[in-house]
Amino acid sequence: MDLEEAKEFKERCTQCTAVSWGLTDEGKYFCTSCHNVTERSKEVINTEAIPNSQIKAINRGLKRKKQLEKGWDWYVCEGFQYILYHQAEALKSLGVGPELKNEVLHKFWKRYLQKSKQAYCKNPIYTTGRKVMVSHESERWEMTSVCSGSIDGVEYSQRKEKGIVKMTVPKTLALCYLSLLWQRETMTLSDLLRFVEEDHIPYINAFQHFPEEMKLYGRDKRIFAVESWPDYEDIHDKTIEIAKFLDLPRFPDITEDCYLHPNILCMKYLMEVNLPDEMHSLACQVVKMTGVGEVDFLTFDPIAKRAKTVKYDLQAVAIIVVVLKLLFLLDDNFEWSLSNLAEKYNKKNKKDKPWFDFRKWYQVMKKTLDEKKYKLEEARAKFMWKSEKPLYYSFIDKPVVYKRREMVVNLQKQFSTLVDLTPTVEKKHPSSFQFNWIEEDNDRTCFHGHSLQVVLKEKGQSLLTKNSSYWLSTQKFCKGYCKHLTTYEESNFSLSYQFILNLFSFLLRIKTSLLHEEVSLIEKKLFERKYRRTKKKSGRSRKSRRY
């Protein structure tokens, strides 16, 4: 370090404002007062006057700077590994056990790299002669639109080897869900996807978590950029696909004390949608009669001949819909007549336990649902799809992309100033509940403690439901190999049934048709004999079916 040679540098230190500089071994200026090191380096004019050791030191500094601009040599799988790491850290911050990251997800990822021949095998794909050739080709095309910041970005995009499941950003969520399922954590698939949408788990622009030295451009954009929210069905299918590819063994049993068991999830969703607690016993009866609470039915077994994983959250809300139909029929007639009875009773008996009023519950839930939908649409409209770290196809495009990004950010700031004068609210800690009900809230009645006496009648020493009818949600099931077991057209169903489906579909962020299919499957198990009998009949509407 030479203080005399640094005297010509007259700029003030950005930290302490002093003008007292020295030179590091790498040739950079550093402040002798606060030891702040700048990015500025001393220009070397006469190299003969400088010892060889100092020339080497300066050269090392220049090489490091050049290497930072170029970035590391990295592979696509390393990028996905960074995404998985940060997703696991996010899950940990949400209350998931720390063992999920190191003991489960890490092992699944290691197994994936081995099965996809990327690592942990005798002949990794990256050590082949073909890989080296493609790497050189990628360097030769560095200034074209087909280049890639990663070593294997071009080849990865073109790889179509039979039997190999290529990793994608959506499939990182499938791996996370597999880990949650293995650990039997208190998080369903719909919870996972909602936390993603609320930006608690990295997904959109997850590449921003990459180190600065991992340069992304060209083909990397197609691999790591995501421009839509994850879809429930898509992630569910990818979960099964990856589990089969990894050849995973049977998962730990889902027993009655597990969060994913329908008896527990039904209680959770009954509380969520503000329905009476008494409905839980009826839901448990439906679970028992249909057999959907059996361990073998609930436990995921990827190596089984017809491997499937239960849509635990979807199944639970479908059971609740069936219970509502058993109690209130939901034909736009019977439920309102029961509401009239409940309203009269509650007016006369204000000190007694109130009877459940379906009409009043509908009014409360309709208002709450509309408010939640509006907030969700507003949040989606304000969501920043563009990343803070822009992606470009080549270094030629880099200045243009960054300039456009700067312009977009400035416009968004100006627009926010004009439209939204309220300060930005800090992101709240996520909860598994989207709706919260308080007994003391006068504006929003809490129905948890209300009685189902309005739908029951005495027969001897037993209580039976006043509703003795039921209509099936579907006429027939497809016999082919298509994914959809039934079709759902709103015009064919009552308004009450449509509202119930819309409410739960919003809760799980799924399509109403998907929930309708699950309801039909529960009904098929519950009314198996009667379904077979009505299967022979034709020309009758769904609403006219009575049992």
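Each reported figure results from applying straightforward, stated rules to the coordinates on display, with no laboratory input. These numbers were taken from a predicted model, which means no experiment stands behind them. Every residue, glycine among them, receives a Cβ derived from its backbone with ideal geometry; neighbour counts consider all protein chains shown.
Key figures
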| quantity | calculated |
| --- | --- |
| Label-to-label distance, nm, for residues given as Glu89 and Lys457 (7 Å Cα→Cβ offset) | 6.3 |
| Inter-site label distance for Tyr259 and Trp385 at 7 Å from Cα along Cβ, in nm | 3.2 |
| Flagged links, alpha-carbon separation over 20 Å, of Lys160/Lys511; Lys325/Lys524; Lys166/Lys386; Lys308/Lys525 | Lys160/Lys511; Lys166/Lys386 |
| Cα centroid separation, the stretch 354-384 to the stretch 198-256 (Å) | 30 |
| Estimated FRET transfer efficiency (Gln434, Lys351; beta-carbon r; R0 41 Å; 0.05) | 0.80 |
